Amino acid sequence: SGTLALTRKLMPDAITLDLGLSDIDGWVLFDLLRHDPKTRNIPIHVISGAEDIELLTRRGAASVSSKPVSAGELTRVFDDIQSRTLRIQRKVLVADPDPERRLALVEAIRDGVTSVTAISRVAANADGGDIAGYDAVVFGFGRSAKDNAQMLDEIMSQFGEFVPRLLFFTPHPDAFQQQVALHPPLSDVPRADNFAQLGLLMSAALPGDRPDKELLASEQLDNADLAGARVLIVDDDIRNIYSLTSVLETYDIEVQHAERGRDGIAMLEEAPDVDVALIDIMMPEMDGYETMRRIRSQPKIAHIPLISVTAKAMKGDRQKCLDAGASDYIAKPVDLDLLLALLRVWVGRSRSRAGPFKADDDDRILVTPRQL
């Protein structure tokens, strides 16, 4: 939260972010910066230990450098920062094998874009197939599985250290799902089913100030990945349950609640497909610490991400929560932006079992991340 406030104040031209921070889950900070209206268009260059490079670029990282970072690699990062800072134009590549749809895509994104290049194949690009010089690439999915696969192979083969923002236009959902079945990570790429959605996604992908109405609409699209998420709230105070439920349901999140730790455990046993559980620490009979320990001791539900909710941030609370099995940590009064960032990160991990969070038959207990 301190980094976000400082970034809002300074509004830098770029950010370098080490995901291996000592006091915050780097993925959550990355999510906060990418979703805040003031900071979302600042390029973020990520320095990572063992994270998924493709996942980070799909989520909007300007570049990803793997540790240990060499002097030459840092030079390339700062050269890229300099070139992006000096390049005021918003350059977009539209790739679609269908000529009529290709022209329609160009018209849909023309507003606010300096230049648009429309091609039938990446290899036919005037820059020799190089997509790194563009700020964004829009790929249109047609009905032909062969054409879709060929275009995707050409685009993905160029994913290196510095890649543009990738957006999908999917008027034929069945054709898109065929490709997702072959390449599951494609489901993380922002996509639009109609031209209006595409225009909003393009506005979010490119730098520059946008009207409040447009920001609100794009924010709603950003939070669409929370729709249908299953969240359990375990809290003995019905007022807390009501206030959190009221907020979360506005994002189409399915909320269940329990007023005792034992009841929360029982509900998870009956529905182990819950994406995230919010566990209040101060509860009678069985407090949040014991509740989390018991959840972690049961293989059927030990994989569920647990976010501990404390009455106030006290020294030592963080480590105590993590030792008890918390996946992440948030203090009251709950900051909505922070809560949404936590949910986006952990719901995404819960659904994909990808990135730093993974649970399988041989490793049911979460590797506890750092406290937020």
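The values are calculated or read from the model by the stated rules, or taken from the named source; none is laboratory data. Quick caveat, the model's predicted, so the values are computed rather than measured. Methodologically, a virtual Cβ is constructed for each residue, glycine included, from the backbone with ideal geometry; neighbour enumeration extends over all protein chains shown.
For this structure, a couple of remarks:
- Residues satisfying the stated conditions in the stretch 216-251, i.e. among the acidic types (Asp, Glu) and modelled with pLDDT under 90: Glu219, Asp222, Asp225
- Scanning the stretch 240-258 for residues that are surrounded by 16 or more Cβ atoms within 10 Å (Cβ to Cβ) and more than 25 Å from the chain's Cα centre (by Cα) returns Asn240, Ile241, His257, Ala258.
- Any pair with Cβ under 8 angstrom, 6 or more apart, that starts in the stretch 226-253 at a residue that is more than 24 Å from Asp287 (Cβ to Cβ) and ends at one that is part of a strand (DSSP E or B) and aromatic (Phe, Trp, Tyr): none
- Some residue of the stretch 275-289 being modelled with pLDDT under 95, surrounded by fewer than 22 Cβ atoms within 10 Å (Cβ to Cβ) and among the β-branched types (Val, Ile, Thr): no
- Scan of the stretch 57-70 for residues that are at pLDDT 80 or above, surrounded by fewer than 21 Cβ atoms within 10 Å (Cβ to Cβ) and under 21 Å from Asp13 (Cα atoms), ordered by number: Ser65
- Scanning the stretch 77-114 for residues that are closer than 17 Å to Ile42 by Cα, touching a residue at least 60 places away in the same chain (Cβ under 8 Å), among the charged types (D, E, K, R) and assigned to a helix (DSSP H, G or I) turns up Asp80, Arg84.
- Scanning the stretch 270-292 for residues that are more than 28 Å from the chain's Cα centre (by Cα) and not hydroxyl-bearing (Ser, Thr, Tyr) yields Glu270, Met282, Met283, Pro284, Glu285, Met286, Asp287, Glu290.
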